[in-house]
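Chemist: Below is one structure. I have some questions about it.
The values are calculated or read from the model by the stated rules, or taken from the named source; none is laboratory data. Just so it is clear, the model here is predicted, and its values are computed rather than measured. Positions of Cβ are backbone-derived with ideal geometry, glycine not excepted, and every protein chain shown enters the neighbour counts. Please note that ligands, DNA and RNA were not included when accessible areas were found on the heavy atoms of the full protein model with its side chains. Shrake-Rupley method; radii C 1.70, N 1.55, O 1.52, S 1.80 Å.
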Amino acid sequence: MENGLGEDTTVHWHGIRLPNAMDGVPGLTQPPIKPGESFVYEFTPPDAGTFWYHPHADSLVQMGRGLAGALIVEETEPLAADRDVLWVLQDWRLSGDKQIAAGFGSAMDAAMSGRVGNAVTINGTAPANQPVRAGERVRLRLANASLARIVALRFEGHRPVIVAIDGQPCDPHEPEDGRLVLAPAMRTDVVIDMQGDPGSRHDVIDDFYDGLAYPLTTLAYDTAPPLREHPLDAPLALRRNPLPEPDLTRTNRQQILLQGGMMGGGKLAGVGGMMGMSMPGMNGGAAWAVNGISITGDGHAGMAPQFTIERGATCHLIVRNETAWWHPMHVHGFSLLVLSRNGAPVPHRQWQDTVLLAPKDTVECAFVADNPGDWMLHCHVADHQMAGLMTLFRVT
Ligand code: C2O
Ligand code: CU
Ligand code: CU
């Protein structure tokens, strides 16, 4: 990787279980790469699936200006589909003259929902119609590379089946209410049998935010006769990746409390007073905390781990969202088996590296700490991470 920017950077390989020295956290796993300098990232990805990469320095601006890419590791036995399609979604805040608006890192964005924009692109371009053929089976890899926007996609007239989440195969299942919810950093692989009539059109609607539904794009059917009479009869289940199985009878139990953010009446919950900041969320100040501690920025030297796990032990991680905001919590270096949400078991054996918590949600996960090093755990709403919703743990 050659740094052609005018500022320091690093590359983080999101979701890939790799050696700690390749994880791309400045100050923690490597020194930042200076302008004009280069760094060799070298690793063998153990898992097949849909991953992505992005800078981990000045994240809000570097990612907000578009630095992100998908990284697909192919399966040895690929899924039977007629086409393999990738949609990397990005959200932009554009000013009146269609330029990227200034004002990255405002105190408002930091303490509320983050820098949600006003223009969503697919693979870097304004979404045009998506040409499809009647009868075909499409594997669609969805990745949300936005800074802050959460999407909930509905494919009108279609029934997508989720086959993998965050790159990890799950039991194939249809999403709840037919909505595919992807917060920043999350990926979902779905299989869609194109059962519409030749020549027909069907919108793909994003209706995550109340009252703000909009058509993201349109599936536009070719007029050609259906490719086949009946949907393909091939299995949808992907071969599982070699993830170590958590031993839930013997765990290292850790609790992570997400705190802070704006409350009703423009009051900041706790953190501001706690940290003694006059303007929380401003100029790198803290608006959020994990277990009472705010680590701001993208990663730096001298960060103390929140907890330590012995190598090979199963970590039982409980994440409680005490705030009034949504947070996609991301763990570097591991995939988490999601056990329960608000006490209810999570079905389909889902492994995720980024778990979305609604306001006041509690999620329980487990993972085997088989990879030594210091690993980040943070909210992937870039403004939240920068303003303190970040911590790290150590595997010895
Ligand atoms: Cu994709 Cu630390 O992040
Ligand atoms: Cu990551
Ligand atoms: Cu957050």
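Chemist: What's the carbon and sulfur percent of the stretch 131-234's accessible surface, probe 1.4 angstrom, rounded to a whole number?
Modeler: 48
Chemist: From the square roots a ≥ b ≥ c of the eigenvalues of the alpha-carbon gyration tensor of the stretch 83-221, which class results: rounded (a/c under 1.5), prolate (a/b over b/c), or oblate?
Modeler: prolate
Chemist: Under 5 Å between amide H atoms, partner at least 5 residues away or on a different chain: which partners does residue 361 have, H built in plane at 1.01 Å?
Modeler: The answer is 321.
Chemist: Tally Lys and Arg at +1 and Asp and Glu at -1 over the other residues with C-beta under 12 Å from the C-beta of residue 13: what net charge comes out?
Modeler: Net charge around residue 13: -3.
Chemist: Which ³J(HN,Hα) values in Hz, rounded to whole numbers, follow from the phi angles of the stretch 74-88 under the Karplus curve 6.51 cos²θ - 1.76 cosθ + 1.60, where θ = phi - 60° and Gly and Pro get x?
Modeler: In residue order, the calculated couplings are 6, 7, 6, 10, x, 5, 6, 8, 6, 9, 10, 10, 10, 10, 8 Hz.
Chemist: Starting from the Cα-Cα distance between residue 159 and residue 255, subtract it from 0.36 nm times their residue separation and give me the gain in nm to one decimal.
Modeler: 30.9 nm
Chemist: Points 7 angstrom from Cα along the Cβ direction at residue 99 and residue 291: gap in nanometres?
Modeler: Calculated label separation equals 4.5 nm.
Chemist: Continuing with the same structure: May I ask for the distance between the Cα centers of the stretch 286-313 and the stretch 10-56, given as a whole number of Å?
Modeler: Between the Cα centres of the stretch 286-313 and the stretch 10-56 lies a distance of 19 Å.
Chemist: Within 10 Å of each candidate Cβ there may be at most 15 other Cβ atoms; applying that plus a DSSP loop requirement, which chymotrypsin sites (Phe, Trp or Tyr not before Pro) in the stretch 151-213 survive?
Modeler: Within the stretch 151-213, the qualifying chymotrypsin sites (Phe, Trp or Tyr not before Pro) (loop, at most 15 other Cβ atoms within 10 Å) are 209.
Chemist: How high is the relative contact order of the chain? Use alpha-carbon pairs under 8 Å, at least six apart in sequence, and give a whole percent.
Modeler: Computed over the chain, the figure is 18 percent.
Chemist: Give, rounded to the nearest 20 debye, the magnitude of the charge dipole that the stretch 1-91 has about its Cα centre when Lys and Arg contribute +1 at Cβ and Asp and Glu contribute -1 at Cβ.
Modeler: 220
Chemist: If you don't mind, another one. Over the chain, give the accessible area per residue in Å² for a 1.4 Å probe, as an integer.
Modeler: Spelled out: the 1.4 Å probe surface of the chain, per residue, equals 41 Å².
Chemist: Grab the beta carbon distance between residue 123 and residue 77, set R0 = 30 Å, and tell me the FRET efficiency rounded to 0.05.
Modeler: Here the calculated transfer efficiency is 0.70.
Chemist: What residues qualify as long-range amide H neighbours of residue 159, i.e. H under 5 Å apart, gap of 5 or more or another chain, H built at 1.01 Å from N?
Modeler: 193
Chemist: If the elastic network links every pair of Cα atoms under 10 Å, which of 211, 64, 199 fluctuates the most in the Gaussian network model of the chain?
Modeler: So, out of 211, 64, 199, the one fluctuating most is 211.
Chemist: Something else: Is the C-alpha gyration tensor of the stretch 251-395 telling us rounded, prolate or oblate? Criteria: a/c under 1.5 is rounded; beyond that, a/b larger than b/c is prolate, otherwise oblate.
Modeler: It comes out oblate by the Cα gyration axes.
Chemist: Multiplying the sequence separation of residue 43 and residue 223 by 0.36 nm and subtracting their Cα-Cα distance, what value in nm do you get?
Modeler: Once the chain is fully extended between residue 43 and residue 223, it gains 60.3 nm.
Chemist: Further question: Please give the Cα centre distance for the stretch 172-245 versus the stretch 90-150, rounded to the nearest Å.
Modeler: With the stretch 172-245 and the stretch 90-150 each reduced to a Cα centre, they are spaced 18 Å.
Chemist: Could you size up the charge dipole of the stretch 83-221 around its Cα centre, putting +1 on the beta carbon of Lys and Arg and -1 on that of Asp and Glu, and report it in debye to the nearest 20?
Modeler: The dipole magnitude comes to about 400 debye.
Chemist: Filter the GluC sites (Glu not before Pro) in the stretch 71-155 to those in DSSP coil with at most 10 other Cβ atoms within 10 Å of their Cβ, and list the result.
Modeler: Taking the stretch 71-155 and a limit of 10 other Cβ atoms within 10 Å, the loop GluC sites (Glu not before Pro) found are 74.
Chemist: Here's another thing I want to ask about it. Collect residues whose amide H, placed 1.01 Å from N in the peptide plane, falls under 5 Å from the amide H of residue 217; neighbours closer than 5 in sequence don't count.
Modeler: Close amide H contacts, sequence-distant or interchain: 204.
Chemist: For the stretch 103-112, what does the Karplus curve 6.51 cos²θ - 1.76 cosθ + 1.60, with θ = phi - 60°, yield as ³J(HN,Hα) per residue in whole Hz, taken in order and with x for Gly and Pro?
Modeler: With the stated coefficients, the stretch 103-112 comes to x, 5, x, 5, 4, 4, 4, 4, 8, 10 Hz.
Chemist: Could you give the size of the charge dipole of the chain about its Cα centre, using +1 on the Cβ of each K and R and -1 on the Cβ of each D and E, expressed in debye and rounded to the nearest 20?
Modeler: 680
Chemist: Heavy atoms of the protein only, probe of 1.4 Å, neighbouring chains included. What is the accessible area of residue 176 in Å², nearest 10?
Modeler: 150
Chemist: Applying the Karplus parametrisation 6.51 cos²θ - 1.76 cosθ + 1.60 with θ = phi - 60° to the phi angles of the stretch 137-150, what ³J(HN,Hα) value in whole Hz is obtained for each residue in order, glycine and proline being reported as x?
Modeler: Running phi through 6.51 cos²θ - 1.76 cosθ + 1.60 with θ = phi - 60° gives 10, 10, 8, 10, 9, 9, 9, 9, 9, 6, 5, 8, 5, 9 Hz.
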